Structure formats: structure tokens, C-alpha cells
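All remarks here apply to the structure that follows.
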Amino acid sequence: MAAALLAGAAWADPIVIKFSHVVAVDTPKGKAAEYFKKLAEERTKGKVKVEVYPNSQLYKDKEELEALQLGAVQMLAPSLAKFGPLGVKEFEAFDLPYIFDNYDEVTKVMHGAVGAQLLDKLQAKGIKGLAYWENGFKNLTANKPVRSPADIRGMKIRIQSSKVLDEEIRSLGALPQVMAFSEVYQALQTGVVDGTELDPSNLYTSKAYEVQKHLTLTGHGFLGYAVIANKKFWDGLPPDVRTALEGAMKDSTVYANQIAKQEAEKALAAIKASGKTTIYTPTNEERAAFRKAMVPVHAKMSDRIGRDLIQAIYKETGFNPAQ
């Protein structure tokens, strides 16, 4: 009898984790998700099976968080802009234009006290925040050269669903268009939108650069992700399995953040080599003009995001809105 029970235990079905995301496999997020799958399955010795679904195979941007809350998927890695519509508006601080100058500043905020405090706020929504994965700085694309805010005035620019990003694009005199990432290529190709704000790896892997003649390296915003799980599912895991998964997530996060910058550089080089898109680096004066147009968004959004939170980020990065 005991032998039969042991045999049954040995053949027990593995715990399946459906990990859904909306970008390509060969992006930093896509590669990190696959790396997590590898580590999770190895370290749990087959007790866990991770099924990764990239490219919006299961859900589009707007649908995936609801699917997680309902338990239809167990893990996601949405961009930080997604949590504003969910009711955790503080995450929109990461969308503020020019709040980060470089990866070091992003790391300091994301992986410090401010980042941890924000992940904790997700618990009330039935979500367990596991980690932050860095990605890249966003730039403006269009079918005409964009050298100044005046050049983009009146254009329809695709954004994620974020009040901050909406205000950011309006500060340039352009018209924000909320759209799922999976729809961007076709919308650019057909002229439904005139341009985007995308980081290099997503611009390249989505092939959106093929239908945009100009890329201006404004570096005006940062795109990062939070890796999250359904809280009920995560808390219900056997302790040994959860500990193994936490270790796998920690190491996957190190990997994700190590490759983010180099993947962005590789994507830019590939876009340049394609000859389909002209890449323009603004002068210091041109960059200052974009910054001057967009930074007032910080003050406009401070009541929504929280003045204390914005000040805490300024303190970490040394940001001065008056500069």
C-alpha cells in the first residue's frame, strides 16, 4: 500500500504556471521569462512546469491583468504603466518624462525602498509583486524628422494606457492614442497612428521600425516591467516550491537587468543596419527643448501620483525639475 502511494506521488501532476506576456521572445523580457522557466523547472526538479506565452498569444495588454486576478494565468510581467488603470496610480511615477537619466538611477529607485513599497501596494488587488525587470529608454518615432516639440505637433502618437503618458504627449502638442502593443505595427502601417514612443528592443522585435522612417533618440521615458503572480496561487504553493521559485526569480532578475542595456544597443544597431529608419541623436539644445516641454507633466500629475513619492524619487536620483 505504502509503495503504491509513493508511486502515485512520484507520478503526481506538476504545478503548472502559465506565464503570459505581450512582447517577442527575443526581447529582454522574453529572454528573462524563458530563463525563469529553465531555472524554475530545474530547481523544483520537475514539480513545476512553466508555460511561457509571448506575443499576446493568450491576452492583450488590457486583458492580462484581469486574467491574472481571475486565476486564468499565474504570472505576468506587465509594463509599469499597466497598474494605473488597475487603481495603483503610484506606479505611474515611472512614466514621468525625464525622471531617469540612466540605468543606474532606474536601478536605485526600482530595486530600493521606493520600488519595494510600490510592489506591496499590489497585494490589495490580489497580486503578489515578485521583481522588477528593466528594459530600455523610450524614443519618438515618426514618418518625418522630429527635431523639436514643434515637429510632432498634431501627430497621433500611440501610447500605453497611462494618464501620465497621455499628458506627456499632449505637452508636445500631439494627440495620444491608447493602443495594445500587438496592434502597433498595423496601426503604423495603415496610418491609424503617425508615430510611437518605444524602446529600441520592442521597436526592433515588433518590426515597427519597418513602418517608421525616422527615430529620434529623445530617451524621454523609461520602460520597465514588474513580474507579478496571482497572490492566492503564490501563497498556496508548497513552501519548498515557493522558496525554489523565489530563488529562480532572483537570478532571472539579475539576468534580465544585465542584458537590458546591451539588448537595447544591439536593437539600435540592427535598426540602423536595416536602412529602413533614419536614427537621429538630438543636440544638447534639442534635448533640452524636449525636456522643457515635458517636465511640467511632473507637477500636473503630482496630485494623482503623490507628491511625497515623486520627491522620494527626486531624492534618489538627484533630479531637479528647475534645471
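The rows are residues; the columns are (1) under 30 Å from VAL211 (Cβ atoms); (2) in contact with an Asp or Glu (Cβ under 7 Å, 6 or more places away or on another chain); (3) surrounded by 13 or more Cβ atoms within 10 Å (Cβ to Cβ); (4) among the β-branched types (Val, Ile, Thr).
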{"residue": "ILE228", "(1), (2), (3), (4)": "no, no, yes, yes"}
{"residue": "ILE259", "(1), (2), (3), (4)": "yes, no, yes, yes"}
{"residue": "ALA267", "(1), (2), (3), (4)": "yes, no, yes, no"}
{"residue": "LYS276", "(1), (2), (3), (4)": "yes, yes, yes, no"}
{"residue": "ILE279", "(1), (2), (3), (4)": "yes, no, yes, yes"}
{"residue": "ARG291", "(1), (2), (3), (4)": "yes, no, yes, no"}
{"residue": "MET301", "(1), (2), (3), (4)": "no, yes, yes, no"}
{"residue": "ALA312", "(1), (2), (3), (4)": "no, no, yes, no"}
Residue count for region 62-104, restricted to those that are of a type in the set (A, V, I, L, M, F, W, C), part of a loop (DSSP other than H, G, I, E, B) and either under 13 Å from the mean Cα position of the chain (by Cα) or more than 28 Å from ILE313 (Cα to Cα) (or both): 3
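Just checking: which of the helices (runs of 4 or more DSSP H) contained wholly in region 135-228 hold 3 or more residues that are at pLDDT below 95?
Hits in region 135-228: 200-205.
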Considering residues of region 150-164 that are under 22 Å from the mean Cα position of the chain (by Cα) and over 13 Å from VAL184 (Cβ atoms) only, the residue surrounded by the most Cβ atoms within 10 Å (Cβ to Cβ): VAL164
Residue that is surrounded by the most Cβ atoms within 10 Å (Cβ to Cβ) [pool: residues in region 82-109 that are under 17 Å from GLN160 (Cβ atoms) and of a type in the set (D, E, K, R)]: ASP95
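The values are calculated or read from the model by the stated rules, or taken from the named source; none is laboratory data. On a predicted model such as this, the values are computed, not experimentally measured, just so you know. Cβ sites come from the backbone with ideal geometry, for glycine too, and all protein chains shown count toward neighbours.
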